[in-house]
1. When Lys and Arg each count +1 and Asp and Glu each count -1, what net charge do the other residues less than 11 Å away from VAL134, Cβ to Cβ, add up to?
2. Quote the charge dipole size of the chain about the Cα centre in Debye, to the nearest 20; the model charges only the Cβ of Lys and Arg (+1) and of Asp and Glu (-1).
3. Cα atoms only, the stretch 2-256: Rg and Dmax in Å?
4. What residue among TRP239, VAL135, SER33 has its Cα farthest toward the positive end of the dipole of the chain, where the charges are +1 on Lys, Arg and -1 on Asp, Glu, each on the Cβ?
5. Sort out for me the Cα centre separation of the stretch 21-58 from the stretch 171-218, rounded to whole Å.
6. Write down the percent of antiparallel bridges among all DSSP beta bridges whose residues are both part of the stretch 2-256, to the nearest 5.
7. Please list the non-local residues whose amide H lies under 5 Å from the amide H of LEU123, H modeled 1.01 Å from N, same-chain partners needing a gap of 5 or more.
8. Projected onto the charge dipole of the chain (+1 at Lys/Arg Cβ, -1 at Asp/Glu Cβ, origin at the Cα centre), which of LEU45, LEU72, LEU93 gives the Cα projection farthest towards the positive end?
Amino acid sequence: MLLIVNADDFGYTPGVNRGVAAAIRCGIVKSVSILANQPGTAEALAALHRQEFTGVSAGVHLCVTKGRPLSLPELVPSLVDAGGDFKARQAFLSSPLVVEELQREFFAQVDRVKAAGVAPTHLDTHHHVHAHPVVLAALISVARACCLAVRHLDPGMRDRLRTEAIPTPDRFCGDWFAAQATPEAFRKFVAEARRRGTRSLELMTHPGEVDGDLRRLSGYTTEREKELAILCSPALKQWLQESGVRLGSYADLLTALHCKH
């Protein structure tokens, strides 16, 4: 079974970047999702060219609920508030969404990553907003145009993506989070997927170190340090080696599904 241990929120803050880098050095995390419009974005994009990131694939963690758009605010009016910032998640989800504006901003965020010399492998969204059908429609159009894989959130979304010929893992585990982020739960989720004959599983993680920016921007803070400690545990790495899974990234998924990249 291909196991993609993906670190979300790369680029959020310098502290998150340090935590993601540490998780990569420990050898379990081989896939990251980059926020293209946050305080640590430039640092994260530069880090991907360092030797320690060799073999790590990078996706774009499309963000329309935090920070400012990369598009001119007047070109994405349905996404922003009076000050030109993205609306908060609840306001975003409860307001009419314009697919063309979402596409414009998604392409802008993908283009920022590409402009830094990073070839993205996949797309997902901050706060899982592509559960919304209009957001998903915009994301699918960008994924098809750029030949990128996509994180599905449930079996129905997985089947929809595959109908559109978009690569996505067999299973996605988004439950390794907060109180569920324990070594026992990690092993349980992986073992359960193997028992079901899963060929590819993405397990979402959020490693990081707490800094001032993170405390200002996110309610998920010290939990990231807890996740990091588990991901860097020699015992977990040994268990994975003995369990017969193959640690990899979305780049492996693209190759397996014959998507040119």
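1. -2
2. 640
3. 17.3, 54
4. TRP239
5. 17
6. Of all bridge pairs located within the stretch 2-256, approximately 5 percent are antiparallel.
7. The answer is VAL60, ALA149, VAL150, ARG151.
8. Farthest along the dipole direction, towards plus: LEU45.
Values quoted throughout were computed directly from the atomic coordinates according to the rules given, and no laboratory measurement underlies them. Nothing here was measured: the structure is a model prediction, and the numbers come from that model. Virtual Cβ from ideal backbone geometry, glycine too; neighbours counted across all protein chains shown.
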